[in-house]
Amino acid sequence: MRNLALAVLVFLVIGASANASSILNLPASFCPGMFPSNGLTNGMTTSFSAAGTYTGLLGIALLIVLMVFSALGIVYAFGYALNMESLKAFTRTEVPESVFNVILICLVFSGVAFAGGAIAFVANLGLVGIESISSGSAAPTIAPVPITSTRDIYIAICSSYIDHGVNVALDNLLTTSLTAFTLKSLMTFKVNMAPSWFGVSFQPFMGTMPISNLIAMQAGMFDAMVGLLIGVTFMLYLIYSIFPLFLYVGVLLRSFPWTRSAGGAFIALFISFYIIFPALLYPFSLYMQNVYAALGVSTGGPAGFSLYGMLAAAPLSGMAGDAMLAEISGFAQTVSYTAIQFLGLVIAFVVALDLMGSLGDLLGAPSLSSGAHANMLLKRVI
Amino acid sequence: MIQGIMLQTVTQFVTSPYIIWFPIVMIAALAIIGVLAMMYMLSTFAGRGDLRAWSRVKIYEILLSVVLVLLFFALAVTLFGFDFKGLFGSVGLLPTACKDASVATDLFSVAMCNLHQFNNNILTLNFMTYYAGLSATFVPSLKINGTALIEHLTLIQGIGVDDTLVPIPAFVNNFLGYLIDIMYSAYVLSQVQLLLLGASLLLFSLFMAIGLIARIFVITRSFGGSMIALGAGLGVVYPLLVCMTYGYVNVGMDYNAGIFVTSTMSLAITTLIVSMVPFFSGAVLPMGVAAFQQWLSGVLTYFGLAAAGLLFVPFLNFAIVDVFVIDFSKAIGEKVDFMKLLTNVI
């Protein structure tokens, strides 16, 4: 029996030296697989919408306008041959609309190119700002990603979220679990001083309960962070995969008088959510990781919180000293970490929705106007 | 016999609506053209130039309506005859379950299969989450009873130290509980979608038939336009959106389910739990780092797609259909905002 008890203790102490955090990360291929340039990668596909490059989108959109021009040409030919003035008048009215479509497409893609430069500029501003508020000597370890295609910006946001958000939260979740385990074990530690079962018994570490509660709350925050960042990443995946279709459908529907307003609505949705929404999220995601890089915030590792760490170092003073302060500090960092991202998400949504309303007005789509129910629905969802 | 014919007509109205409403619309159009032609003749005899001009304009409008009917007839034939299964399958947007030969190739069948498959995936995920929580509770706590040990060795009672090592923190199970709650709550919306989608074929048949017939008559023209917009929105745009959005979600879920819903599932869950237990970590790691990361990636991707499909996609689909119906109905008839009620409810 004694041998068995000793064997268990030895097993506990040896095993505690291991550090499992290095495996609790998502692989580096996660984001490139999430936003494939084309075809099926990690089960994700964009081949239906041809998303990936602005050039691809531009080509398809212009092809649709060309088809509409051809159809209008045929209608005009019929009108001329049959001497039907109404058909000719219809064609004359519709040709300028298609020309407007071409101008609109050019404006959209010029805007995209401009947005790429603007994003990099804003991101650099953020980086400089963070450097100035820190010691000033910290070199930026995370440079803004040059935006040359749609895919770049989506992958850049995903990488920020996954590498600096989800993976960090998963590491911290492991640390938190280890700390919770250590605290729980300490809390149940009981000393019995009762010969013949008459005397006193006491649990000296039961006072760590507030910290234990804090740990549980912190674990909930890590869960929320993983959920939020993963959720937004997959929302971006759907926007990336599906919304280019709205551009094609929008251009096609805008070419006919009956469906012109519906087409305008689709184009407004595309511009607001496919271009502007990620463009607004990107600086926030970059700013977040720059905060961590420039201020040199360390999230620590689980070794210090393991049973081995507790036993090898100062098990009792450790919980009351540095480890506890690190835990509280880590909690505050986690909250701010999640809050900044949430703030960025809310701002990006509000701006994108307001822009969608304005574009809806501009393109003659009453459904998207400010105060319209579709607009209100999206706002309420968010 | 009449009852049988009526029943057959009603069934056909739902399964192949254009076969029924196309002749009805054409008969109505011809009847009205006949009436207008008589008015035209009478106006000639009566010497009423204004009535003659009005009749002529109305006949042109009816002919235009007939063209519209022909266009929608072509759309209906396309919807029922086109191989949507092949189309979505060729671009990798068809989940494995919908590739089965028993699933028809029309738009409605493919959309129903997609949403049904997604709901099945959510139920599986709920079961998996529950299974993970259940597995966690099977990890035993280790109780060190020093008092009993001293008593056993020295025969002195009531002196010693006790401790209990609880390897799985309570928040793990709390979190899994919240997850199941959220998923089941959001699953209701998914079921509502399934019901709406199940009715989309009927809505398409009904609204389109009413709309096309009503659009022929002068006084009900704007009402007819609204019905056409509603029929096109709920009967065509909505199933198409479901095929696309849930196609993306389902295919991703299929692929990632293959990673973690396999024979290694229980092994992987054990690894995850064990890695959270400090005194076992490193000592017992059944899977390699790369395999574990791939598994974790599969799990989080599966959960992420489930979250997107439960929370983001339904609202996106509803909003897009609403946008289409509002704008299209305003262009060809009275403005219809069917989501107004739902918006207020939300």
Subject >> Spacing of the two label points (7 Å from each Cα toward its C-beta) at A:Phe69 and A:Trp258, in nm >> reply: 2.6 nm
Subject >> Estimated FRET transfer efficiency (B:Thr105, B:Leu202; beta-carbon r; R0 25 Å; 0.05) >> reply: 0.80
Original post:
Quick one: if the Förster radius is 41 Å, what FRET efficiency do A:Ala332 and B:Glu334 give, using the C-beta to C-beta distance and rounding to 0.05?
Top reply: 0.15
**OP:** Pop a pseudo-label 7 angstrom from the Cα along the beta-carbon direction at both B:Met41 and B:Thr137 and give the gap in nm to one decimal.
**Re:** 8.5 nm
**OP:** Please average, across the residues of A:165-171, the number of beta carbons from any other chain that are within 10 Å of each residue's own beta carbon, and give a whole number.
**Re:** 1
Original post:
Which order, highest average first, do A:230-241, A:62-73 follow once you tally other Cβ atoms within 10 Å for each residue and take the mean per peptide?
Top reply: A:230-241, A:62-73
Original post:
If you wrap a convex hull around the Cα atoms of region B:20-116, how much volume per residue is inside, in Å³?
Top reply: 105 Å³
**OP:** Please compute the net charge surrounding B:Phe217, taking Lys and Arg as +1 and Asp and Glu as -1 over other residues with Cβ under 14 Å from its Cβ.
**Re:** +2
Original post:
Residue by residue, what Karplus-based ³J(HN,Hα) values in Hz, rounded to whole numbers, does region B:35-43 have, using 6.51, -1.76 and 1.60 with θ = phi - 60° and x for Gly and Pro?
Top reply: 4, 5, 5, 5, 4, 4, 5, 4, 5
**OP:** Just order B:84-96, B:28-40 by mean Cβ neighbour count inside 10 Å, highest at the front, would you?
**Re:** B:84-96, B:28-40
Original post:
R0 = 30 Å: FRET efficiency of A:Ala28 with B:Leu123, Cβ-based, nearest 0.05?
Top reply: 0.40
Subject >> Highest average packing first - B:151-161, A:243-253, Cβ atoms within 10 Å >> reply: A:243-253, B:151-161
Original post:
What average number of partner chain Cβ atoms lie no more than 10 Å from the Cβ of the residues making up B:303-314?
Top reply: 5
Original post:
Extension gain A:Trp197-A:Val350, at 0.36 nm per residue separation less the Cα-Cα distance, in nm?
Top reply: 48.3 nm
Original post:
Counting partner chain Cβ atoms within 10 Å of every residue's Cβ in B:154-165, what's the average?
Top reply: 6
Original post:
Measuring from label point to label point, each 7 Å out along Cα→Cβ, what is the B:Val188 to B:Leu153 span in nm?
Top reply: 6.0 nm
**OP:** Could you list the chymotrypsin sites (Phe, Trp or Tyr not before Pro) in region B:123-163 that lie in coil according to DSSP, counting only those with at most 14 other Cβ atoms within 10 Å of their Cβ?
**Re:** B:Phe138
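Every number in this text was worked out from the coordinates using simple rules, so none of it is lab data. Here the structure is a predicted model, which means the values were calculated and not measured. Quick reminder, even Gly has a Cβ in these numbers, built from the backbone with ideal geometry, and neighbours come from all protein chains shown.
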